[in-house]
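Shown next, in structure tokens, is the structure this report addresses.
What follows draws every value from the coordinates through simple rules; no lab data is involved. Treat the numbers as computed from the prediction; the structure is a model and nothing was measured. Don't worry about glycine lacking a Cβ; one is built from the backbone with ideal geometry, like all the others, and counts go over all protein chains shown.
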Amino acid sequence: MFNFIKKTFSGLQKTRKNIVNAFSNFHGKKYLDDSEIEELESVLFQSDLSYDLISDVIDEFQNKPLSGDESWEDRFVNLLKTKIGKLDQGIDDHKIFLIIGVNGTGKTTTSAKICKYYKNKSLKTMLVGADTYRAAAIEQLKLWSKKLDVKFISNESTKDPSSIAYDAINSGLKDNYDKIIIDTAGRLHNSVNLMQELEKLYKVSSKFNEKIKVVLVVDSNVGQNGMNQALEFSKFIPVDSLILTKMDGTAKGGIALSMLDKLNIPIDFIGIGEGVDDFVPFDLDIFLKGLISNE
């Protein structure tokens, strides 16, 4: 757990910097004036918190002095925990994982990271290359499978990702695999043909008597546009959870809180680097502390 906390704090470094600086200016003050409220509002917008969340924070901070041993950081964290609440992640309940998202989010590397995470839990895992548009993605996943020493299935002779997924799931279930992780092609959420292809892939995968988990991978740097991606993908297939990548390279880490608040879809993991172990299970309490910690 300590390692998860340390990695989360490290991954939030760019987002945390501005927020911590703002709160440090409030230390020793029981009441915030208009200029300080404006400073806080600006920092939260830069961190990509949604307008609704920022409005709630400002309402709670404006004209409401601290009481007792309360700190502004405590008030901030407690408010967001109350507003967002806990979502049941249930990340261990599924055998079949469909990894989806737009181009460039890091789906292939994320598929490998998920595979490594479950292999570390002594589960039998396999990788499936169903990106029929990008040969490099198939090759990349094959290399990952060798590094991780896990089974890899693909079929470069077909352009039908549904066929690849069907054969892989059939094989994986017969061989009693615990986790079958299917990397799909990146697709623009506003491309109807590609989304219909994804819908077909989901239906084919659903023919087996196993629960499917659809995981949407979102690049943290896109900020609020990630919300639109989730909403558009959800029009075609049910999105069960989110993974936010490249969290270490953005000052917009607040998007995680905005997506939880608006979408009511749990976040399973955050990616905090390119390495296979730069991957942290999402914990709301740790994440919030990571935003305001001086450590």
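Some notes on this structure:
- For peptides 274-283, 10-19, sequence by mean Cβ density within 10 Å, most packed first: 10-19, 274-283
- Cross-link partners of K200 among lysines (Cα-Cα below 18 Å; sequence separation of 8 or more within a chain): K159, K211, K213, K235
- Extent of segment 96-239 along its three principal axes (Cα atoms, max minus min coordinate, largest first): 38, 30, 28 Å.
- Structure-based [θ]222 nm, the chain - -39500 (n - 2.57) summed over DSSP H runs of at least 4, per residue, nearest 500: -15000 deg cm²/dmol
- Whole-Hz couplings from phi, Karplus 6.51/-1.76/1.60, listed for segment 194-206; x for Gly and Pro: 5, 6, 5, 4, 5, 4, 5, 4, 5, 5, 5, 5, 7
- Listed residues T8, I212, F279: farthest to the positive end of the dipole of the chain (Cβ charges): I212
- Full extension of the chain segment joining R75 with N176 gains 31.5 nm, where the gain is 0.36 nm per residue of separation less the Cα-Cα distance.
- Over all other residues within a Cβ to Cβ distance under 13 Å of E210, the charged ones net out to +4, with Lys and Arg as +1 and Asp and Glu as -1.
- Normalised by the number of residues in segment 152-295, the average gap of Cα pairs under 8 Å and 6 or more apart makes the relative contact order 16 percent.
- Under 5 Å between amide hydrogens, built in the peptide plane, is the criterion, and for S154 it picks out G129 among residues at least 5 positions away or on other chains.
- The GluC sites (Glu not before Pro) of segment 141-209 meeting both criteria, a DSSP state outside H, G, I, E and B (loop) and at most 12 other C-beta atoms within 10 angstrom of the site's C-beta, are E156.
- Distance from the alpha carbon centroid of segment 95-110 to that of segment 13-68 works out to 35 angstrom.
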